[in-house]
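Input: a single structure, listed below in structure tokens.
What follows is calculated from the coordinates using simple rules that are stated; it is not laboratory data. What you see is a predicted model, and the numbers here were worked out from it, not measured in a lab. Here Cβ is always computed from backbone atoms with ideal geometry, including for glycine, and neighbour counts include all displayed protein chains.
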Amino acid sequence: MTDGVLNVVLGVVASAISGGLGWLAQSLRRRRRLERERSFFGLPAAGEALLVVNRQAGAPDRASVARDDVYALMELAALVRGCGAQATLTGHDEVRQGLGDKTEFCVGGPTSNKRTAAHLASWLPGISYLDPLPDAGHPVPTLVVGSREYAFRTSAEQPGGQAYVLLARVHLRAGSRPVFVIAGQTAVSNHAAARYLASHHRTLARKHGRDGAFAVVLRLVNAGAYGPDVVEFEADVTAAATTRPQPAAV
């Protein structure tokens, strides 16, 4: 074998080894990334998740679901499928089971989702939703965390309007699966929070740990123009949300 042929053969072998090592490294990175994602969501391969559906506020049919809430559920179903798990869809007033056996994603505020109301009362006692004043001009409740209020604003009150959504992970016990609560003031804000969770779970995991509880408030920017695509982080309210308020002095 001539030196030229030998160099070509060695070059091909070196390229094959380099390519194989590169592929192996990428494969290992993808696998580690997937395992971290599964750990954060409590979704092992072939695991199960429960998607709890709210009802459309103000709709005459109690089984109606707002379009953007359907989109939120689709985002969550894709997330579950990406972890190699399976999702089961159920109505908020049809759930008759405890917590911990399956990861749960609960969509909708407490006025449209009984399951959300139960989660807030049990795990996020510092959070409430106040009915709007009679002259508010809209039926959207105000999100209250501790002593801070996050009020919905129409486009007439503020250019582009303003809506908030609570995103939380609760009921984290040894050996149990977490519950994710998405409780927005509007269906579009629910959709935005589901999308935020899917795209920012690594950031949330770095800050709160892969098995830590958290509660954050997100703000939707000009939903009329941008839909659920422009959402901003408003505040980390974990401490206030998990603290039971003191009874008023008599």
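Between Asp101 and Asn222, the modelled labels are 4.8 nm apart [label points 7 Å from Cα along Cα→Cβ]. According to the calculation over all Cα-Cα pairs in region 103-221, the P(r) per 10 Å bin from zero is 13, 45, 31, 9, 1 %. For region 155-250, trypsin sites (Lys or Arg not before Pro) meeting the loop criterion (DSSP other than H, G, I, E, B) and having at most 11 other Cβ atoms within 10 Å: Arg173. Extension gain, Glu234-Leu34: 0.36 nm per intervening residue step, less the Cα-Cα distance, totals 69.2 nm.
Label sites at Arg67 and Ala198, each approximated as a point 7 angstrom past Cα along Cα to Cβ, lie 1.8 nm apart.
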